[in-house]
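Asks: Dropping a structure here in structure tokens format, bear with me for questions.
The values are calculated or read from the model by the stated rules, or taken from the named source; none is laboratory data. On a predicted model such as this, the values are computed, not experimentally measured, just so you know. Neighbour counts are summed over all protein chains in view; Cβ atoms, including those assigned to glycine, are modelled from backbone coordinates with ideal geometry. Side chains are part of the model used for accessible areas, which takes the heavy atoms of the whole protein and leaves out ligands, DNA and RNA. Shrake-Rupley method; radii C 1.70, N 1.55, O 1.52, S 1.80 Å.
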Amino acid sequence: MERPERVAAALGAQPRANGCSGAGHGALRNGYVRGLPAPDTQINHIVHNGGLYKRPFNEDFEETPMLVAVLTYVGYGVLTLFGYLRDFMRQWKIEKCQNATEREEQKDFVPLYQDFENFYNRNLYMRIRDSWNRPICSVPGAKVDMMERISHDYNWTFTYTGRVIKDIINMGSYNYLGFAQKAGTCQEAAAKVLSQYGAGVCSTRQEMGNLDKHEELEKLVARFLGVESAMAYGMGFATNSMNIPALVGKGCLILSDELNHASLVLGARLSGATIRIFKHNNMQSLEKLLKDAIVHGQPRTRRPWKKILILVEGIYSMEGSIVRLPEVIALKKKYKSYLYLDEAHSIGALGPTGRGVVEYFGLSPEDVDVMMGTFTKSFGAAGGYIGGKKELIDYLRTYSHSAVYATSLSPPVVEQIITSMKCIMGEDGTTVGKARVQQLAENTRYFRRRLKEMGFIIYGNEDSPVVPLMLYMPAKIGAFGREMLKRNIGVVVVGFPATPIIESRARFCLSAAHTKEMLDTALKEINEVGDLLQLKYSRHRLVPLLDRPFDETTYEETED
């Protein structure tokens, strides 16, 4: 049931100022250096944005070479043709059919498995399925141990050989600050709490599952973020998908970045609000939607929207880009809307003291109405949080499905978060946390610079620890993952439909636990595989994000 007046009060009726003068918002445009820079020139995105930024903001999105784009489409076309041929052979029993199908006696029923919808899985994904879901049998630290597996039926099934591949350099886990470890203060503290509280709580926070440790964690999170109050949840995905419906509903408008995480998309859809999509990190697109929302109001009735909520992420985990937060906040203030910031990948990984994208830009936490993040990455634990005004958190404690129905966080997990967060804040009496944040920043810049020097196309912001290396062609997705594993480097490869069809990529996630020797070893092997697979596509033709094609279509997921 929607309670607009309660939610509006929780979010705050009047967004507060951030020290950015209102006069500077008149020409909120992304300032890019136009034209084709020299190979050693970096694009600075902040030349003409009214002084909103206090630091350089450099993001590279190099244009896909035309020949590579054509060959990628041809590759998918050939795979599709062979897929239809193989489906024909399966239908006539020439080839064994191993995919899920209805039994003969169910043929007259409503189809349970849609053949066409599963076409991609059967004929394209299955050919490179061995590149994903590889089981590890160790802590996901800087190095991991992986169970060896083989397939005798082209990846339909796998058999484990019993052999363990030791000391694989882990370039895929979100272990940004290196707190995923089996020894040290975090492990010792979690083990002590495990012996005192046990592994589970067996109840929700509103019943018998509210421990003193949960209270301690939430006070610590609020202090870490610089907000009035905070609430912790047992699952990061559910923190988004179950709390957004508690904040907005029918008669409200959600403006969502086109590359937002699935949890944000699901939460927006479950809310029943109208959803409109703006181009990724494109402030012109966002401002146009805001203007249209103010001018035209709700469809048909033309009544004003009850609330307008902007959904963005701190670091986008597929692009490696950082949200243009100063401009988003300026637009939010100008059009009196609300801002929901997902810091799943940025909390701990950005900012001088690891406090996320808000600190990275030198902004005030008061300018973000809803600050969301997860404990699964920088803190080496599980769960998520929401921070903001006390009224907002009190409202969510009562009306959030994650708070009312979900089981509480496990006590050892809570202690892992508390110990790692105190380490980052320096409250453990050491400078280890600060050193880890600085080490991650150094590793990020070094790794990105070396890859660009080698000639790879690298997407994203120079300070983002998520580093996408473009592969493009479908055959190179599996080949890159396999060749890197042969060289004892564990990587994550990503393709369609998780990315646009011609933008398949490998995604590296850097960690403070990576030593320079590990990075140099990984870079050496990446360089060799890049030569082997001819992946060095870069021509140093950097294309600003706003120069990407932009149509002014407004997508509406739900109408009143």
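Asks: Could you name the aspartates and glutamates in cross-link range of residue 434, using Cα to Cα under 16 Å and dropping any fewer than eight places away on the same chain?
Replies: 359, 442
Asks: Calculate one ³J(HN,Hα) per residue across region 320-330 by plugging θ = phi - 60° into the Karplus curve 6.51 cos²θ - 1.76 cosθ + 1.60, and present them in order as whole Hz with x for glycine and proline.
Replies: Karplus values, whole Hz, x for Gly and Pro: x, 8, 10, 4, 7, 4, x, 6, 4, 5, 4.
Asks: What residues qualify as long-range amide H neighbours of residue 275, i.e. H under 5 Å apart, gap of 5 or more or another chain, H built at 1.01 Å from N?
Replies: Here 254, 557, 558 satisfy the definition.
Asks: Restricting to Cα pairs below 8 Å that are 6+ residues apart, what does the relative contact order work out to for region 185-425? Please round to a whole percent.
Replies: Relative contact order for region 185-425 comes out at 31 percent.
Asks: Can you compute log10 of I(q)/I(0) for region 60-190 with the Debye formula, treating each Cα as one identical point scatterer, at q = 0.09, 0.15, 0.21 Å⁻¹?
Replies: Each listed q maps to, in turn, -0.50, -0.97, -1.20.
Asks: While we're looking at this one, here's another question. Using the heavy atoms of the protein chains and a 1.4 angstrom probe, tell me the accessible area per residue for the chain in square angstrom.
Replies: Solvent-accessible surface per residue comes out at 44 Å².
Asks: While we're here: Please report, in Å, the Rg and the Dmax of the chain, where both are computed over Cα atoms only.
Replies: Rg, Dmax (Cα atoms, Å): 24.4, 72.
Asks: A further question on this structure: For n ≥ 4 DSSP H runs only, could you compute -39500 (n - 2.57) per run for the chain, divide by its residues and tell me the 222 nm figure to the nearest 500?
Replies: -11000 deg cm²/dmol
Asks: Indicate, rounded to the nearest 5 percent, the antiparallel portion of the DSSP beta bridges found entirely in the chain.
Replies: Percent antiparallel among DSSP bridges in the chain is about 60.
Asks: Here are some pairs, 250/291; 219/306; 306/333; 306/377; 143/524; which of them have Cα atoms lying more than 26 Å apart in this structure?
Replies: Working: 250/291 20 Å; 219/306 31 Å; 306/333 16 Å; 306/377 35 Å; 143/524 17 Å.
Flagged as over cut-off: 219/306; 306/377.
Asks: Here's something else I'd like to know. Principal axes first, then extents: for the Cα atoms of region 142-291, list largest minus smallest coordinate on each axis, whole Å, largest first.
Replies: Sorted from largest, the Cα extents of region 142-291 read 59, 49, 28 Å.
Asks: Just the number: Rg to Rh for region 185-425, Cα atoms, Kirkwood Rh, two decimals.
Replies: Result: Rg/Rh = 0.99.
Asks: For the chain, what's the relative contact order in percent, using C-alpha pairs closer than 8 Å and at least 6 residues apart?
Replies: Value for the chain: 22 percent.
Asks: Please quote Rg/Rh for region 268-362 to two decimal places, taking the Kirkwood radius as Rh and restricting both calculations to Cα atoms.
Replies: 1.01
Asks: Something else about it: Find, to one decimal place in angstroms, the Kirkwood hydrodynamic radius of region 318-389, where the mean of 1/r is taken over every pair of different Cα atoms and then inverted.
Replies: Values: mean 1/r = 0.0791 Å⁻¹.
When all Cα pairs of region 318-389 are included, the Kirkwood radius is 12.6 Å.
Asks: Quick query: amide H of residue 508 versus all other amide H atoms, modeled in the peptide plane; which residues come in under 5 Å with a sequence gap of 5 or more or a different chain?
Replies: Correct list: 467, 469.
Asks: When Lys and Arg each count +1 and Asp and Glu each count -1, what net charge do the other residues less than 13 Å away from residue 212, Cβ to Cβ, add up to?
Replies: Numbers: positive: 205, 213, 219; negative: 215, 216, 218, 415.
Every neighbour counted, the sum reads -1.
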